[in-house]
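Data first, discussion second: the structure below is written as structure tokens.
The values are calculated or read from the model by the stated rules, or taken from the named source; none is laboratory data. All values derive from a computational prediction rather than experimental measurement. Here the Cβ positions follow ideal geometry from the backbone for every residue, glycine too, while neighbour counts run over all protein chains shown.
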Amino acid sequence: MEKIKLIETASDNAFILLQEGSKKPVTRNLTPGIQVYGEKLITIANVEYRFWDPFRSKLAAIMLKGSSVSIKKESAILYLGAANGTTASHVSDIASEGVVFAVEFSPRAMHDLIRVSIPRMNLIPILSDAMRPESYKNMVTLVDVIYQDVAQREQAVIALRNAKLFLKTDGILVLMIKSRSIDSTGEPEDVIDNEVKKLGGFFKVMELIELEPFHSDHVAVVAQRV
Ligand SMILES: C[S@@+](CC[C@H](N)C(=O)[O-])C[C@H]1O[C@@H](n2cnc3c(N)ncnc32)[C@H](O)[C@@H]1O
């Protein structure tokens with residue numbers, strides 16, 4: 001019989017599934033029987049899990065790389081750049097008893113995100129510009145985690161503006177940076193270094209994780225509000 005093993009990660013409801021020598025991230029499905037983007041489902045000991053593709057999701061990639069990012073089942077998360085809800089749906093699985101405020105400014109992506117959120121009571125789509133957090137101030141509570149994946153130039157500015165309004169002291173920022181989105185001419189290390197320096201004073205950087213081979217030119221910055 002095929003041997004399958006689930007290894008816990010630092011986050012609730014997120015596991016690494018060991019199967020035939022390969023390691024695959026999965027999350028416990030909050031909405032059993034429902035797929036979001038055609039991902040495979042697997043049932044182990046009467047619990048259904050969704051496969052989480054690290055090539056499609058940067059958060060899955062850092063989980064697979066052993067990041068210490070810890071999202072609890074009761075956590076409140078502010079997700080900036082939720083797109084059509086691929087990763088946001090897995091964050092909603094993880095924070096099964098918490099809440100995910102999912103900000104996205106593209107109406108087309110928001111259309112899909114709303115569809116994903118309908119059976120997920122903890123996923124709140126917000127059509128807004130993450131550069132202007134005061135525009136959603138009345139919809140978002142204080143949060144434990146800000147997850148930012150906006151592929152924009154002003155990464156640090158967006159993170160700081162949102163953290164000042166919404167992130168609890170000791171709260172965690174997970175920032176996905178693509179050096180070429182910030183500056184296509186500079187050396188990637190310098191560009192990322194420069195952006196990380198802008199977080200200093202407000203955040204203590206805890207991890208810098210390169211996302212190769214899953215996402216080229218990307219680095220994940222994990223930092224704690226001080
Ligand atoms: C790389 S994609 C996000 C992928 C998504 N995080 C996932 O893993 O499924 C970046 C998204 O950020 C959105 N975005 C870019 N700038 C934004 C802004 N200022 N406010 C809100 N959303 C923004 C884009 O429309 C796009 O959907």
Residue tally, condition assigned to a strand (DSSP E or B) and of a type in the set (D, E, K, R), over segment 171-185: 1
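Do we find a residue being farther than 24 Å from residue 119 by Cβ, away from the ligand (no atom under 16 Å from the Cβ) and free of Cβ contacts under 8 Å to residues at least 60 places away in the same chain anywhere in segment 33-45?
no
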Strands (runs of 3 or more DSSP E) within segment 1-66 that include 3 or more residues closer than 30 Å to residue 178 by Cβ and modelled with pLDDT under 95: none
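The rows are residues; the columns are (1) in a helix (DSSP H, G or I); (2) within 16 Å of the ligand (Cβ to nearest atom); (3) in contact with a Leu (Cβ under 7 Å, 6 or more places away or on another chain); (4) touching a residue at least 60 places away in the same chain (Cβ under 8 Å).
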{"site": "135", "(1), (2), (3), (4)": "yes, yes, no, no"}
{"site": "139", "(1), (2), (3), (4)": "no, yes, no, no"}
{"site": "151", "(1), (2), (3), (4)": "no, yes, no, yes"}
{"site": "169", "(1), (2), (3), (4)": "no, no, no, no"}
{"site": "215", "(1), (2), (3), (4)": "no, yes, no, yes"}
{"site": "220", "(1), (2), (3), (4)": "no, yes, yes, yes"}
Complete set of residues in segment 168-208 that are at pLDDT 90 or above and buried (at least 20 other Cβ atoms within 10 Å of the Cβ): 171, 172, 173, 174, 175, 176, 177, 199, 203
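Within segment 116-133, track down each residue that is away from the ligand (no atom under 13 Å from the Cβ) and either without any contact (Cβ under 8 Å) to a residue 40 or more places away in the chain or touching a helix residue (DSSP H, G or I) at 6+ places or on another chain (Cβ under 6 Å) (or both). Before you say what the answer is, go through the steps one by one.
Our first condition is that a residue be away from the ligand (no atom under 13 Å from the Cβ); within segment 116-133, this holds for 117-122, 124.
Scanning segment 116-133 gives 117, 118, 120, 121, 122, 124.
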Residue match in segment 157-164 (condition: in a strand (DSSP E or B), within 14 Å of the ligand (Cβ to nearest atom), at negative phi and crowded, with 18+ Cβ neighbours inside 10 Å): no
